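Working notes for the structure below.
The values are calculated or read from the model by the stated rules, or taken from the named source; none is laboratory data. Just so we're clear, the structure is a prediction, and the values are computed from it rather than from any experiment. Cβ: placed from backbone, ideal geometry, glycine included. Neighbour counts: every protein chain shown.
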């Protein structure tokens with residue numbers, strides 16, 4: 001009789017999308033609303049001492065594989081949580097627990113992938129190794145990515161920037177940084193791209209109609225003229241921005257609205273619903289929307305995330321000129337161009353091998369298992385060259401066998417019919433954690449750090465010193481990974497009796 005091995009696997013799903021839980025995860029009201037295609041309505045935000053607001057989606061519970069062996073989620077992920085936490089830590093405080101989303105920490109970093117497999121736009125990695133943080137636990141990674149494109153290959157873009165110029169944006173780290181970010185972007189766009197600027201405060205106006213990047217001086221002059229004053233009327237601004245974006249719709253052309261704001265708005269719940277309705281209608285017409293957040297003190301992270309999710313785009317947060325440089329240069333193609341739409345991922349754990357599992361992160365990205373093949377259910381959008389990582393804790397009965405498989409279902413960027421691909425995990429876990437791929441080990445350190453910061457019960461016994469040792473051993477002298485090491489060291493020093501948590 002085989003001895004029961006109490007093995008827990010941390011599954012890192014490196015995908016071009018987001019990870020989510022399931023019905024048995026006791027999904028939040030927001031995730032249920034998204035899964036059922038109903039009105040997006042986040043749980044009440046957590047108001048903090050500093051005025052920033054975040055949604056606490058909780059932590060996914062354990063699921064018995066014998067009861068439900070499928071984990072299904074929309075392939076959609078943001079990175080705002082990591083950059084917000086970076087700014088908070090560099091300012092001398094721990095980030096508020098509700099602001100920390102594990103998947104956004106892990107997916108801030110890049111990992112190596114093979115070429116896409118024949119007949120699919122995705123490349124997939126699945127590997128595993130014993131955990132370094134707890135005896136008899138295992139780390140498992142499932143990686144999914146789409147091929148990258150350089151600027152010459154990507155489609156031409158019709159970009160409409162909806163810039164918040166209300167009084168709350170009157171600081172260098174808000175409107176000042178937004179203007180510098182726009183200039184960085186313009187310097188890296190193609191001549192065939194167009195840029196339009198719409199502003200909102202007490203009223204809205206088109207500052208610059210769609211203008212070819214060939215006329216760069218005119219675009220830059222319009223950016224320079226942006227100034228902040230007045231109250232906030234985001235809903236009317238969205239409507240006007242979409243009107244401009246609709247003018248640029250065309251075959252083989254990207255049309256996207258990008259909201260640049262601190263998210264502070266004087267509209268009530270009814271107006272929020274109206275904004276989401278506007279986004280939903282225009283998204284179906286082919287215009288996507290992304291959000292870029294700025295500042296601290298009155299930052300509405302909850303609203304900015306909702307808008308980006310509803311608009312089939314992404315939610316970013318910029319804390320520095322360097323962050324803007326990364327977003328609008330190295331990551332520009334993946335920010336602008338969609339490789340697969342309505343993408344869903346489904347991990348199918350083998351009940352003979354996996355006894356229990358807990359999805360780590362993606363608490364607000366859940367899709368019901370039965371909706372995986374219901375193509376009318378909205379899911380995530382994957383940018384070109386995009387990769388994502390999700391995590392599970394898994395308890396195993398047999399650590400010598402592969403854990404299961406992953407299914408990916410998606411539509412082509414301009415298509416209506418979904419196709420499905422299946423990828424099986426071929427190998428058993430590595431003999432030791434040190435024998436595993438460097439990327440798996442680094443991603444595990446990032447995920448464990450984020451899980452600790454957000455106060456997850458399972459992570460509280462993990463040592464930040466051990467996480468640091470893993471990160472240092474796998475940093476490969478890369479600037480972003482070395483930066484994470486510095487943030488871990490700051491967090492370690494703050495996690496004492498005098499630690500300050502930014503609320």
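Rundown of residues vs (1) assigned by TED's automatic domain parsing to the domain that holds residue 59; (2) in contact with a helix residue (DSSP H, G or I) (Cβ under 9 Å, 6 or more places away or on another chain); (3) in a helix (DSSP H, G or I); (4) more than 27 Å from residue 58 (Cα to Cα), yes/no style:
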{"residue": "84", "(1), (2), (3), (4)": "yes, yes, yes, no"}
{"residue": "92", "(1), (2), (3), (4)": "yes, yes, no, no"}
{"residue": "98", "(1), (2), (3), (4)": "yes, yes, yes, no"}
{"residue": "124", "(1), (2), (3), (4)": "yes, no, no, yes"}
{"residue": "127", "(1), (2), (3), (4)": "yes, yes, no, yes"}
{"residue": "135", "(1), (2), (3), (4)": "yes, no, no, no"}
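Criterion applied to 184, 258 was being out of contact with any strand residue (DSSP E or B) (no Cβ under 8 Å at 6 or more places or on another chain), within 22 Å of residue 326 (Cα to Cα) and surrounded by 15 or more Cβ atoms within 10 Å (Cβ to Cβ), and the one residue passing it is 184. Which of the residues that make up segment 139-154 are crowded, with 21+ Cβ neighbours inside 10 Å and either in a loop (DSSP other than H, G, I, E, B) or modelled with pLDDT of 85 or more (or both)? Matches in segment 139-154: 141, 144, 145, 146. Checked against the criterion of being within 16 Å of the chain's Cα centre (by Cα), surrounded by 24 or more Cβ atoms within 10 Å (Cβ to Cβ) and within 30 Å of residue 156 (Cβ to Cβ), the candidates 307, 359 yield just one match: 307. Annotation note: of 55, 77, the sole residue that is buried (at least 24 other Cβ atoms within 10 Å of the Cβ) and touching a residue at least 12 places away in the same chain (Cβ under 8 Å) is 77. Within segment 105-116, can one find any residue that is assigned to a strand (DSSP E or B) and out of contact with any helix residue (DSSP H, G or I) (no Cβ under 9 Å at 6 or more places or on another chain)? The answer is no; no qualifying residue exists. Kindly indicate whether any position in segment 468-476 is part of a loop (DSSP other than H, G, I, E, B) and in contact with a helix residue (DSSP H, G or I) (Cβ under 9 Å, 6 or more places away or on another chain). Yes - at least one qualifying residue is present in segment 468-476.
Criterion applied to 376, 431, 447, 435 was being in a helix (DSSP H, G or I) and either surrounded by fewer than 24 Cβ atoms within 10 Å (Cβ to Cβ) or touching a residue at least 12 places away in the same chain (Cβ under 8 Å) (or both), and the one residue passing it is 447. Of the helices (runs of 4 or more DSSP H) entirely within segment 237-334, those holding at least 3 residues that are under 21 Å from residue 90 (Cβ atoms) occupy 321-325.
Can we say residue 393 is in contact (Cβ under 8 Å) with a residue 12 or more places away in the chain and under 21 Å from residue 280 (Cβ atoms)? So residue 393 fails the test. Annotation: of all residues in segment 399-414 being assigned to a loop (DSSP other than H, G, I, E, B) and over 20 Å from the mean Cα position of the chain (by Cα), the one that is surrounded by the most Cβ atoms within 10 Å (Cβ to Cβ) is 403. Could you list all residues from segment 450-465 that are part of a helix (DSSP H, G or I), touching a residue at least 12 places away in the same chain (Cβ under 8 Å) and closer than 20 Å to residue 358 by Cβ? Listed by number, the residues that qualify are 450, 451, 452, 453, 457, 458. Specify the residue that is modelled with the lowest pLDDT; the eligible residues are those in segment 215-229 that are assigned to a loop (DSSP other than H, G, I, E, B) and crowded, with 16+ Cβ neighbours inside 10 Å. Taking the candidates together, the pick is 228.
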